[in-house]
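The values are calculated or read from the model by the stated rules, or taken from the named source; none is laboratory data. These numbers were taken from a predicted model, which means no experiment stands behind them. FYI the Cβ positions are ideal-geometry reconstructions off the backbone, even for glycines, and counts take in every protein chain you see. For the accessible areas, the whole protein counts, side chains as well, though only heavy atoms, and no ligand, DNA or RNA atoms are used. Shrake-Rupley method; radii C 1.70, N 1.55, O 1.52, S 1.80 Å.
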Amino acid sequence: MSRMLATEIPMGKKQVNSDRQGKIAGLAVVVMAAGLGKRMCSKQAKVLHRVAGQAMVLYSVGLGLRVAGDRVAVVVGHHADLVRQVIDRATSGMSGEAAIAIVEQREQLGTGHAVLQSRPVFAVGKRGAPSNYLILNGDTPLLQESTVRELLRVHGENHATVTVLTAVLEDSSGYGRVVRAHSTEQGVARIVEDRDANAEERAIREINVGTYVVDGEFLFSALEKLDPSNAQGEYYLTDIVHLAEQSGRHVAAVVLDNPDEGLGVNTRRQLAEAEQVVRQQIRERWLDAGVTMIDPASTWIDATVTIGKDTVLYPHVTLEGTTVIGEDCVLRSSARLTNCIVGNGVEILDHCLFTDSHIEDDAHLGPFVHLRPGVVVRKKAKVGNFVEMKKTDLGEGSKANHLSYLGDTTIGKGVNIGAGTITCNYDGVQKFQTVIGDGVFLGSDTQLIAPVTVGARAIIAAGTTVTEDVPEDALVIARVAQVNRAGWAARRRALQDRTSPEALKVKRDAKSARQASDVSRLTKKQPSVSKGKQAKKRK
Ligand code: UD1
Ligand code: CA
């Protein structure tokens, strides 16, 4: 929510029109994301640092797409290729309309210089020049769409040339200060950067958030006039405010009701602060949408996750990436799911770790299940206690309940995977497939040496090592035949007591056997030795 302080002007011809999806006609968006962000002390470009699992730049890009549709340019510089990749990946699933123009700012000469790089993208073509530009910093992930829409509304209503978003902070250090023309009820005269501000200006608590709406005809001509003679030797975008005011144009402002929304992330502390705020917003959004959280504070949900109604999340559940959870699911404590799709009515017990996997309706998993990428658990299937799966399809109603490794395996419907079953899918060089038909029963401690196929309804006896394909309906036993030695164990137990008659007898027998062998050695005929060898020996 935000409140307008600039002079009210009745609705005029410059009103912003939005279509049914809320995309505003004639609006273009520029996101500045070229800086390294020295204050982060990081090898990574600042805008790639994640907030609630999503790169910071994507918050600004997403907002731009929601208000302006397809006229969005992102200015990249530091780690340009990585930033481009992250944006491409995040927007690839969108409709063709959502193409984003990426422009490179080779040298980071300031925010004004950054925006200037986007000029060719919006050069007049078939579609005509944008009537307004929305300019966003790439490091303000808390900014809300409703605020941006309010900024656009105020800009239109005021016939403003520039409209800036501001916030009043307890501690305004580090930010650009908003210098009002005469009083706060008047327009804005200029923005002075922290490092260029004198003592009086530093005392100003109203700051520039870094979100602007600028008239289409004014923007680039003003950017050309920027002068980098300031403390940082940079072309400041913020100087267009003064340029507009000087030439008698109107600069409007919207002050944030909730100043937290204007947080600019420059340091790791601010990143942690943003993380807390966004996480809380996400939790509230899902609580409002009908998700139960036993302990919201310990429940971690990424910005890109979706959760269905009446699903219950127990403490310490973590849902990451593109995970989608259906309705009526229960996720018990300490389950972590990354990029997973979970159907309806699924129960996941404590301490499970799932990645890039798909779980169908009414399946039951856990406790202690590890699903590595590429697993499909079909309807009503069960996976339990200490089972690890990878690239495996477990058929409808099938069960793998105890202590197993199943990799590169296709398992049919109604299969029982016995406790301790292992698919031996790797020969040290290559991986091989295992196929298990419908209705197969694998006894406990079965090893399947891949590649191998077990035909439908076959039964594998416990402890079998399956090395060859098994025909349908067969019984397979491959293990050493059992030998029973009557009384053997009792005899061994008796021997363990050294004073027992049995033990003494064994001792006596052993002694006499030794003596007999000594006698036989002494009385044995010496082997004959040749004369030559005897001669040698004597030497
Ligand atoms: C900027 C504003 C400041 C405001 C603050 C709000 C300027 C001159 N100052 O300061 O008034 O209070 O944001 O958070 O605009 N960037 C580029 N190319 C560059 C320089 C920066 O693309 O050459 C990008 C950065 O990647 C970042 C954004 O612009 O996303 C802002 O840059 P940053 O260095 O963080 O500006 P601040 O010093 O915070
Ligand atoms: Ca900043």
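Listed here are the residues, each with its yes/no results for (1) within 14 Å of ligand 1 (Cβ to nearest atom); (2) under 33 Å from the mean Cα position of the chain (by Cα).
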{"position": "Gln117", "(1), (2)": "yes, yes"}
{"position": "Ala123", "(1), (2)": "no, no"}
{"position": "Gly128", "(1), (2)": "no, no"}
{"position": "Thr140", "(1), (2)": "yes, yes"}
{"position": "Leu143", "(1), (2)": "yes, yes"}
{"position": "Val148", "(1), (2)": "no, yes"}
{"position": "Leu151", "(1), (2)": "no, yes"}
{"position": "Ala160", "(1), (2)": "no, no"}
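Scanning the range 181-224 for residues that are surrounded by fewer than 23 Cβ atoms within 10 Å (Cβ to Cβ) and among the hydroxyl-bearing types (Ser, Thr, Tyr) turns up Ser183, Thr184, Ser221.
If we scan the range 72-84, do we find a residue that is assigned by TED's automatic domain parsing to the domain that holds Arg153, of a type in the set (Asp, Glu) and at pLDDT below 95? Scanning the range 72-84, I find no residue that is assigned by TED's automatic domain parsing to the domain that holds Arg153, of a type in the set (Asp, Glu) and at pLDDT below 95, so the answer is no.
So is Arg149 among the charged types (D, E, K, R) and either crowded, with 19+ Cβ neighbours inside 10 Å or under 15 Å from Tyr212 (Cα atoms) (or both) or not? Judged against the criteria, Arg149 is a match. Residues that are closer than 11 Å to Arg378 by Cα, part of a strand (DSSP E or B) and either of a type in the set (Gly, Ala, Ser) or open to solvent by 50 Å² or more (accessible area, probe 1.4 Å) (or both) within the range 397-421 comprise just one, Lys399. Reported count of residues in the range 111-140, each being within 16 Å of ligand 2 (Cβ to nearest atom) and open to solvent by 10 Å² or more (accessible area, probe 1.4 Å), is 4.
Just so you know, in the range 35-64 the residues that are farther than 17 Å from Glu273 by Cβ and of a type in the set (S, T, N, Q) include one that is farthest from ligand 2 (Cβ to nearest atom), and it is Gln44. Among the residues making up the range 225-267, those that are loosely packed, with under 14 Cβ neighbours inside 10 Å, farther than 23 Å from Val168 by Cα and more than 16 Å from ligand 2 (Cβ to nearest atom) are Lys225, Asp227, Ser229, Gly233, Gln246, Ser247, Gly248. The requirement of being aliphatic (A, V, I, L, M) and open to solvent by 20 Å² or more (accessible area, probe 1.4 Å) is satisfied by Val86.
What do you reckon, is Lys390 assigned by TED's automatic domain parsing to the domain that holds Val342, modelled with pLDDT of 95 or more and in contact with a Lys or Arg (Cβ under 6 Å, 6 or more places away or on another chain)? Spelling it out, Lys390 is indeed assigned by TED's automatic domain parsing to the domain that holds Val342, modelled with pLDDT of 95 or more and in contact with a Lys or Arg (Cβ under 6 Å, 6 or more places away or on another chain).
Checked against (1) in a loop (DSSP other than H, G, I, E, B); (2) buried (at least 17 other Cβ atoms within 10 Å of the Cβ); (3) at negative phi, Ser334 passes all but a single condition, namely (3). Of the residues making up the range 167-186, those that are under 20 Å from Tyr236 (Cα atoms) and either more than 13 Å from ligand 1 (Cβ to nearest atom) or free of Cβ contacts under 8 Å to residues at least 24 places away in the same chain (or both) are Arg180, Ala181.
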